[in-house]
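*Asks:* Below is one structure. I have some questions about it.
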Amino acid sequence: MGHYNNFRTVVYIPAEVADKFTPEKLASDWEWIEKYIGLDKVYLETHRNGTDVPAEQIRMIKSYLESKGVTVSGGITTTINDFEGAEGGKQRLFGTFCYTDPAMRARLKEISEYTARLFDEIILDDFYFTNCTCERCIREKGDRDWVTFRRELMREVSEELVVKPAKAVNPKVRMIIKYPNWRESYHFTGYVPEVQRDIFDATYTGTETRSPQYTDQHLPEYLSYALVRYMENAWPGRNGGGWFDTYACWSIDRYLEQAYLTAFAQAKELMHFQWSDLIENPMLSAMALQLGKIDKLMDGIGNACGVPVYIPFASSGENHLEMRFGMLGLPIEPTPFFPEKAASVLLTESALADGDIVDKLEKYIREGGNAVITTGFFREAEENLRAAGLTEARLSGRSIPVTRYQVTGDFAGFIEHRKEIFFPEIVHGNNDSWSLLNGGDGDTHSALVLRRAYGKGRLYIAAIPDGDSGLYEMPKAAVDVIKRVLTGGEYVSGRNVSTFTYDSGRMLLYRYVKSDLRPERVTLYTERKGAVLVDDLTGMRYPSNEVRRFEDFRPSSGTAAEVLLQPGKFTKVHWETQE
Ligand SMILES: [Zn+2]
């Protein structure tokens, strides 16, 4: 039995830490971790950089932890500093392997075999990529581009040097590949989940979002949720867990939020990287308190769901844009497979990596789907979309300043005197398509969300500000236009608030802790008439009011309720409808 109902608490022990353990230090560290977060499992590393942990030391640690009821699996970090005789060693960032070097290849195989003799489960930390551009790699690449060369190289390395050798010495061994938090760059460095899903037994997801302003990978906080969901959809049922750390978390809340979002995404294991960072760290006592709370929140909540966003494998473009919508309260469900059965879908520039995307889109909309495409997607697909008969609109190539917004059709949707943001200008044929949201300055304005019917469905083009930070500056009522289209009318109007939705109808609302954020009143909408919003934690029934609206050429009526959200506090609600 684990310490929690909805996830297992897991800690990573890097080789340098494992190498130095005395039995006394190991015991006192275990007591500390067990006392605070409770320890269900560890991944105990055999190799990292220049450290190889002797089998005797591994056995000492393993038998002690197992005597305490902890599951012990293995770990490998595929880095190798100052490898003797290796060319180009200083050039490779992070001391990754050169996978065309015969001596390094032999070394990797040896590490896999050694670790598989000691463990029945092994995880590879996320340095299992290649950035080598040495003479030999350039020669072997030949006429191929780096992406193609590295894809083929890492397929071969994964099969021949990692998985097969490990299974040859231990047929029971379960091989796990952890992917880093930089999904949009996987294919540039030989990370190929679409290929490796047929080679490895399971995957694991990096959810270490750290400081959004300064993280090297340029990540929004919401990635800790969205990337787990993406990997879950990419490897259904085989995503082992989410992995976060203490680095560049300059407040305890920022550290904790990584765990909250990883758990909300229903990762089976919460991996705390790494062992020695946790000892005597006050963050851990806060984590202890919060893990119990989030475990209770997740009890019986159902399965995570949200608005599908199609992000093909090996794609990049408008990176993290869908996660920015997640920061604005839109629950998203990113997937590497086109969600042809879904009622609506969001496509960003990344979807262009699918060469058949316009054909898929045409069929999807014609049969009744609602697709929202961003201007980043539209810019590249414009000609093909026009040729397919999906739109007559085009981008002028200019950016327009916007200081005011108009939600059309609603008759009172005027929002003025806002901070200036620039948007790409969409030019369209009046009455062939119709603008649901306009933006302008002075005496001019232009469409920011454009609607066009096609077959049984609709195509919506959404203008995205020139810089992503502009999204956070848009008035909530303007972003709500996009939310209504994508959610079918059940959404939360807010900013720096994330909504996590589940198929039970339960919703978790979380307002982030940031230096400039205060409590905020958010409005929840549903098109269900006579609905009442109920707080699952207190049983309170929120005052809920009927709302009427006319938008997108249809009158709608539904219910709205206001909820006051405190930064760092959890809210769990659902709509109750009297049938
Ligand atoms: Zn090389």
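The values are calculated or read from the model by the stated rules, or taken from the named source; none is laboratory data. As the structure is a prediction and not an experimental result, all values here were calculated from the model. A quick note on method: Cβ atoms are made from the backbone with ideal geometry, for glycine too, and the neighbour counts reach across all protein chains shown.
*Asks:* Could you list, in sequence order, the residues of region 94-151 that are touching a Leu at 6+ places or on another chain (Cβ under 7 Å) and farther than 30 Å from Met60 by Cβ? Spell out the reasoning first.
*Replies:* Step one: of region 94-151, the residues touching a Leu at 6+ places or on another chain (Cβ under 7 Å) are 97, 99, 105, 108-109, 112, 130-131.
Hits for region 94-151 are Tyr99, Arg105, Thr130, Asn131.
*Asks:* Might you let me know whether region 524-539 holds any residue that is more than 24 Å from Ile301 (Cα to Cα) and surrounded by fewer than 16 Cβ atoms within 10 Å (Cβ to Cβ)? Give the derivation first.
*Replies:* Of all residues in region 524-539, those more than 24 Å from Ile301 (Cα to Cα) come to none.
No, region 524-539 has no match at all.
*Asks:* A follow-up question, please. Of the residues that make up region 526-548, is at least one within 27 Å of Ala226 (Cα to Cα) and either among the hydroxyl-bearing types (Ser, Thr, Tyr) or under 25 Å from the mean Cα position of the chain (by Cα) (or both)?
*Replies:* For region 526-548, residues within 27 Å of Ala226 (Cα to Cα) and either among the hydroxyl-bearing types (Ser, Thr, Tyr) or under 25 Å from the mean Cα position of the chain (by Cα) (or both): present.
*Asks:* Scan region 456-472 residue by residue and report those that are modelled with pLDDT of 95 or more and among the acidic types (Asp, Glu).
*Replies:* Hit for region 456-472 is Asp466, nothing else.
*Asks:* Name the pairs: first residue in region 120-137 and outside the structural domain of Val169 (by TED's automatic domain parsing) and without any contact (Cβ under 8 Å) to a residue 24 or more places away in the chain, second residue near the ligand (Cβ under 9 Å from one of its atoms) and part of a loop (DSSP other than H, G, I, E, B), Cβ to Cβ under 7 Å, at least 6 apart or on different chains?
*Replies:* none
*Asks:* A follow-up question, please. So which of Tyr454, Tyr460 ends up being of a type in the set (Ser, Thr, Tyr) and either out of contact with any helix residue (DSSP H, G or I) (no Cβ under 7 Å at 6 or more places or on another chain) or within 21 Å of Ser396 (Cβ to Cβ) (or both)?
*Replies:* Tyr460
*Asks:* Taking Ser515 and the conditions (1) of a type in the set (S, T, N, Q); (2) closer than 25 Å to Ala226 by Cβ; (3) part of a strand (DSSP E or B), which numbered condition does it fall short on, given that it satisfies the others?
*Replies:* For Ser515, the exception is condition (3).
*Asks:* With the condition being small (Gly, Ala, Ser) and under 21 Å from Thr391 (Cα atoms), I'd like the strands (runs of 3 or more DSSP E) fully within region 401-511 carrying at least 3 qualifying residues.
*Replies:* Values: elements: 404-407, 413-415, 421-427, 434-441, 444-454, 457-462, 491-493, 497-502, 507-511.
Qualifying strands (runs of 3 or more DSSP E): 444-454.
*Asks:* Taking region 364-383 only, how many residues are of a type outside the set (A, V, I, L, M, F, W, C), surrounded by 15 or more Cβ atoms within 10 Å (Cβ to Cβ) and out of contact with any Gly (no Cβ under 8 Å at 6 or more places or on another chain)?
*Replies:* Looking only at that region, the number is 4.
*Asks:* Determine whether Phe337 is surrounded by fewer than 17 Cβ atoms within 10 Å (Cβ to Cβ) and in contact (Cβ under 8 Å) with a residue 40 or more places away in the chain.
*Replies:* Yes.
*Asks:* What number goes with the only condition from (1) within 16 Å of the ligand (Cβ to nearest atom); (2) at pLDDT 95 or above that Phe94 does not pass?
*Replies:* With respect to (1) within 16 Å of the ligand (Cβ to nearest atom); (2) at pLDDT 95 or above, Phe94 is out only on (2).
To keep it simple, each residue is scored yes or no on (1) more than 16 Å from the ligand (Cβ to nearest atom); (2) in the same structural domain as Tyr204 (by TED's automatic domain parsing); (3) within 30 Å of Tyr222 (Cα to Cα).
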position: Arg117; (1), (2), (3): yes, yes, no
position: Lys172; (1), (2), (3): yes, yes, no
position: Tyr179; (1), (2), (3): yes, yes, yes
position: Gly190; (1), (2), (3): no, yes, yes
